[in-house]
1. Could you tell me whether the stretch 100-108 includes any residue that is under 15 Å from residue 318 (Cβ atoms) and free of Cβ contacts under 8 Å to residues at least 24 places away in the same chain?
2. Checking residue 105 against (1) in a strand (DSSP E or B); (2) over 25 Å from residue 56 (Cβ atoms), which test does it fail?
3. If the requirement is being buried (at least 17 other Cβ atoms within 10 Å of the Cβ) and either under 24 Å from the mean Cα position of the chain (by Cα) or free of Cβ contacts under 8 Å to residues at least 12 places away in the same chain (or both), which of these qualifies: 251, 247, 279, 271?
4. Based on this model, can you work out whether residue 227 counts as over 21 Å from residue 352 (Cα atoms), in contact with a strand residue (DSSP E or B) (Cβ under 8 Å, 6 or more places away or on another chain), in contact (Cβ under 8 Å) with a residue 60 or more places away in the chain and surrounded by fewer than 18 Cβ atoms within 10 Å (Cβ to Cβ)?
5. Where residues in the stretch 145-166 are out of contact with any strand residue (DSSP E or B) (no Cβ under 9 Å at 6 or more places or on another chain) and either modelled with pLDDT under 95 or assigned to a loop (DSSP other than H, G, I, E, B) (or both), which of them is nearest to residue 78 (Cα to Cα)?
6. Could you go through the stretch 179-193 and let me know if any residue there is within 18 Å of residue 288 (Cβ to Cβ) and modelled with pLDDT of 95 or more.
7. Of the residues in the stretch 254-266, how many are buried (at least 17 other Cβ atoms within 10 Å of the Cβ) and over 15 Å from residue 292 (Cα atoms)?
8. Test residue 193 against the stated conditions and say whether it is buried (at least 17 other Cβ atoms within 10 Å of the Cβ) and assigned to a loop (DSSP other than H, G, I, E, B).
């Protein structure tokens, strides 16, 4: 039974007078705003940077419930084959949302082979409609049917496994997941560096489609900004990536930055044990598109310190379309089912 479902899409625009300065790292936080805002609809009211503008935000799903399941803890977004939106909760649930209103339409529980809950973080939907989902625990990538049955499990390099089996740190593994153009290559991003690598060096692992499944393929290295991790990636039609970087500093708030990255000429680092800045290793190139702290707040509020009240623990991202030469990008924050944080959706337009 639906205990509480709120349907709303906020179309907002507020004159951006001054913008606060970016803080440090991010991971969780605040805001509550369920009213509908309608203000002047001009480019300057929306600009986050020359490349990125904010069309609006919605807190309509914050602290709601659908069919007895808490709506929130969102870690990833993806477009389904029917045009609807898939929203992955890190509490082992996959929601189907209306792509325009964000109204919940369905929810499917997820589990591992033993029936235990996942720390589900990354999501990609394959051409046949099956769901590729990461869990940070091991880490792992499993293929699920639309109704939540496990169909397959992908191999993971031993070095990327959580210690002591590998060199990764618990809760800092596979966060982002995306299929590259053509659907033959899957790419997952670690959130933080593994032991032995320099701080900030994040490994991107790929798999190539082979014999109906995916086999391990090239690996690349990406340098995140100081104190930030990589919670999400999305592939562009030309093979470049949108990369979300995020961090949190207690008493200051969230830092969230959107980058354009190009792995096409990066070194395959799969055979390099320790990445310490040695010569001859070409990292994934990146270009800053926007620091979200510089977006207009558009009436958003925050219940804990934030350099911009619009900010929260932004963790999910999906490209929903293209209009007037810009990508339409949807972001979502993970409220961690915490009263001091907010489930917030952000609609961006991005020029790449």
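The values are calculated or read from the model by the stated rules, or taken from the named source; none is laboratory data. Everything quoted here is computed from the prediction, not taken from an experiment. Glycine also receives a Cβ, built like all others from the backbone with ideal geometry; neighbour counts cover every protein chain displayed.
1. Within the stretch 100-108 (the criterion being under 15 Å from residue 318 (Cβ atoms) and free of Cβ contacts under 8 Å to residues at least 24 places away in the same chain), the answer is no, since none of the residues qualifies.
2. (2)
3. Criteria check complete, one pass: 247.
4. yes
5. 149
6. Yes.
7. 3
8. yes
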